[in-house]
Amino acid sequence: MGYTQEEDTLALQKRDLYRLPWSKNDNPIAWLEITDICNLRCEGCYRQKLTGHKPLAQVQEEILFFKEWRNPDNVSIAGGEPLLHPQIVDIVAFISEQGIKPIVLTNGMGLDPRLIRELKRAGLSGFTIHVDSHQGRPGWKDANEAAHNAVRQQYADLIAAEGGLIAIFNSTVYPSTYHEIPDVVRWGRENADRVHGLVFITYRTFDTDVAVAMDASGAQVDASQLGYSSEHFDQAFVTSPQVYQIIKECLPQYEPSGYLGGTVRHDSYKWLIGAVIGSRQGTYGSVGSRTMELAQTGHHLLYGSYLAYLSRLRLLPAMLSLSLWDPAMRQAARNWLGDVIRHPRRLFERVGVQSIGIIQAPDVQSNGQVDMCDSCPDMTVWDGNLINSCRMDEYRLFGGLVSVAEKARMEAERA
Ligand code: SF4
């Protein structure tokens with residue numbers, strides 16, 4: 001149906017990676033949607049405007065629900081565009097009062113120094129900022145990913161000027177922008193002192209030309225109502241291993257250390273999480289799977305929850321001590337030492353980690369099943385239940401998850 005993931009015969013091996021121990025009830029991330037209003041119209045957006053801003057009381061109820069049922073280390077405050085919510089500062093403060101890290105997921109349009117300071121005072125841990133070339137940003141039409149680095153730079157500098165906040169940049173990867181990933185990765189490395197992470201999310205669409213959707217009763221629904229549907233899409237979808245491969249081409253030191261598989265396929269990589277070690281001057285290696293395992297279990301033992309966001313960029317002492325335990329850290333330490341011998345001044349450079357994550361959007365398989373992220377980290381609340389946020393509009397529009405079938409086959413069966 002044009003959605004099927006091609007077999008990937010690439011270098012990734014699950015046995016070399018740590019399967020993140022996250023689950024439905026013990027997951028470092030909770031996905032809180034406070035509004036469905038937005039000031040951009042991104043091509044890959046999963047949400048459309050149906051209900052507007054949620055009242056503060058409902059938002060607080062959902063936060064307490066997460067606290068009880070999700071055990072999150074952080075709450076991702078999402079939308080829509082959360083900075084448009086008139087009580088965004090109160091929401092951040094409420095999350096922080098619960099002992100959970102608030103992270104705002106924004107397109108950055110509403111960021112200004114005063115608001116950043118206010119949010120930080122309310123307890124904000126940081127921002128994940130979505131910038132890509134398919135958002136229709138005013139004044140940026142037809143600009144490619146490399147040109148959009150100027151937008152990323154503006155936001156990174158604004159957040160760095162306030163200090164003490166995490167800044168992660170994510171972007172949707174379209175078949176047409178796949179080859180531009182290195183431009184974003186290179187920008188991220190050049191800003192290693194202020195960019196804590198990059199995330200690449202592969203684009204998905206519901207092609208109404210080849211597929212039909214049915215509700216729980218088997219009745220066909222109008223899938224064109226979904227914000228991410230398209231009338232025709234004939235390009236090959238990008239997979240996580242392909243994103244990994246192109247990152248490796250421009251940043252050979254990159255290796256993921258953790259993953260989440262799929263709910264249907266045994267061979268899919270729905271989440272790949274890695275962290276490169278280095279400074280603005282150079283990249284020395286990547287955090288290995290053993291360190292990832294230690295970080296997850298250690299954080300759980302010490303703080304009672306798993307870990308999704310690294311809040312510190314300084315790593316040198318940790319790298320040296322962890323190299324006893326993790327071959328990947330050992331290699332990074334060796335590379336750093338070699339670099340310092342060649343350039344003694346770099347002994348005083350700040351060495352840190354920068355995460356690079358890859359998320360493969362839900363894929364509809366040839367049998368109509370949807371391969372979702374196993375132990376989905378972005379679950380949200382709907383009607384008193386935890387559901388995958390990427391499919392919430394199916395609940396909002398059609399009362400529940402829809403199933404998918406090939407249009408041609410359905411028509412042949414009816415004939
Ligand atoms: S299954 Fe969960 S983590 Fe995966 S794309 Fe959907 S909401 Fe995001």
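Does the range 258-273 contain at least one residue that is closer than 30 Å to E349 by Cα, assigned to a helix (DSSP H, G or I) and not aliphatic (A, V, I, L, M)? Explain how you work it out, then say what you get.
First, the residues of the range 258-273 that are closer than 30 Å to E349 by Cα: 258, 272-273.
Narrowing further to those that are assigned to a helix (DSSP H, G or I): none.
There is no residue in the range 258-273 that is closer than 30 Å to E349 by Cα, assigned to a helix (DSSP H, G or I) and not aliphatic (A, V, I, L, M).
Out of the residues in the range 50-61 that are of a type outside the set (S, T, Y) and surrounded by fewer than 19 Cβ atoms within 10 Å (Cβ to Cβ), state the one that is nearest to M109 (Cα to Cα). Among residues in the range 50-61 that are of a type outside the set (S, T, Y) and surrounded by fewer than 19 Cβ atoms within 10 Å (Cβ to Cβ), the one nearest to M109 (Cα to Cα) is G52. For the range 253-268, the candidate set comprises residues that are in contact with a helix residue (DSSP H, G or I) (Cβ under 6 Å, 6 or more places away or on another chain) and closer than 14 Å to V199 by Cβ; within that set, the residue that is surrounded by the fewest Cβ atoms within 10 Å (Cβ to Cβ) is Y254. Any residue in the range 278-298 that is within 16 Å of the ligand (Cβ to nearest atom) and touching a Pro at 6+ places or on another chain (Cβ under 8 Å)? Scanning the range 278-298, I find no residue that is within 16 Å of the ligand (Cβ to nearest atom) and touching a Pro at 6+ places or on another chain (Cβ under 8 Å), so the answer is no.
Taken over the range 342-364, the criterion of being open to solvent by less than 20 Å² (accessible area, probe 1.4 Å) and more than 9 Å from the ligand (Cβ to nearest atom) is satisfied by V351, G352, V353, Q354, I356, G357, I358, D363, V364.
Restricting to the range 135-193, give me the number of residues that are assigned to a loop (DSSP other than H, G, I, E, B) and aliphatic (A, V, I, L, M).
Step one: list which residues in the range 135-193 are assigned to a loop (DSSP other than H, G, I, E, B), which gives 135-144, 163-165, 174-177, 191-193.
When the remaining residues are screened for being aliphatic (A, V, I, L, M), the result is 143, 165, 192.
Counting residues in the range 135-193 that are assigned to a loop (DSSP other than H, G, I, E, B) and aliphatic (A, V, I, L, M) gives 3.
Here K141 clears all of (1) touching a residue at least 40 places away in the same chain (Cβ under 8 Å); (2) open to solvent by 50 Å² or more (accessible area, probe 1.4 Å) except the condition numbered (1).
Filter the range 365-395 for residues that are among the charged types (D, E, K, R) and surrounded by 15 or more Cβ atoms within 10 Å (Cβ to Cβ); which is nearest to the ligand (Cβ to nearest atom)?
Taking the range 365-395 and keeping what is among the charged types (D, E, K, R), we get 371, 374, 378, 383, 391, 393-394.
This time we only want the ones that are surrounded by 15 or more Cβ atoms within 10 Å (Cβ to Cβ), so: 371, 374, 378, 391, 393-394.
Working: D371: 9, D374: 9, D378: 4, R391: 7, D393: 12, E394: 11 Å.
Selected residue: D378.
The criterion of being among the aromatic types (F, W, Y), surrounded by 19 or more Cβ atoms within 10 Å (Cβ to Cβ), in contact with a helix residue (DSSP H, G or I) (Cβ under 7 Å, 6 or more places away or on another chain) and assigned to a helix (DSSP H, G or I) holds for F94. Screening F398 on (1) within 14 Å of the ligand (Cβ to nearest atom); (2) open to solvent by 20 Å² or more (accessible area, probe 1.4 Å); (3) farther than 16 Å from D267 by Cα; (4) not polar (S, T, N, Q) shows it passes everything except condition (1).
Condition first: within 16 Å of the ligand (Cβ to nearest atom) and outside any loop (DSSP other than H, G, I, E, B). Now tell me which residues in the range 198-214 satisfy that. Answer for the range 198-214, where residues must be within 16 Å of the ligand (Cβ to nearest atom) and outside any loop (DSSP other than H, G, I, E, B): V199, F200, I201, T202, F206. Within the range 373-396, being closer than 17 Å to P72 by Cα and among the aliphatic types (A, V, I, L, M) holds for M379, V381, L386, I387. If you go through the range 279-327 and keep only what is of a type in the set (S, T, Y), modelled with pLDDT under 95 and in a loop (DSSP other than H, G, I, E, B), you end up with S279, Y309, S311, S323. Being over 27 Å from K49 (Cβ atoms) and open to solvent by 40 Å² or more (accessible area, probe 1.4 Å) holds for only one residue in D209, D183, and it is D183.
Screening A30 with (1) in a strand (DSSP E or B); (2) open to solvent by 20 Å² or more (accessible area, probe 1.4 Å) gives one miss only, at (2).
Picking from P72, P86, which residue would you name as being open to solvent by less than 40 Å² (accessible area, probe 1.4 Å) and in a loop (DSSP other than H, G, I, E, B)?
Values: P86 fails: open to solvent by less than 40 Å² (accessible area, probe 1.4 Å).
The unique qualifying residue is P72.
For beta carbons closer than 9 Å, sequence separation of 6+ or different chains, a first residue in the range 192-203 that is free of Cβ contacts under 8 Å to residues at least 40 places away in the same chain and a second that is part of a strand (DSSP E or B), the qualifying pairs are R194/A167. Would you say T106 is more than 20 Å from Y303 (Cα to Cα), hydroxyl-bearing (S, T, Y), more than 16 Å from the ligand (Cβ to nearest atom) and touching a Lys or Arg at 6+ places or on another chain (Cβ under 7 Å)? When the stated conditions are applied, T106 does not pass them.
The values are calculated or read from the model by the stated rules, or taken from the named source; none is laboratory data. Predicted model, so just to flag it, every value in this text is computed and none were measured. Positions of Cβ are backbone-derived with ideal geometry, glycine not excepted, and every protein chain shown enters the neighbour counts. Side chains are part of the model used for accessible areas, which takes the heavy atoms of the whole protein and leaves out ligands, DNA and RNA. Shrake-Rupley method; radii C 1.70, N 1.55, O 1.52, S 1.80 Å.
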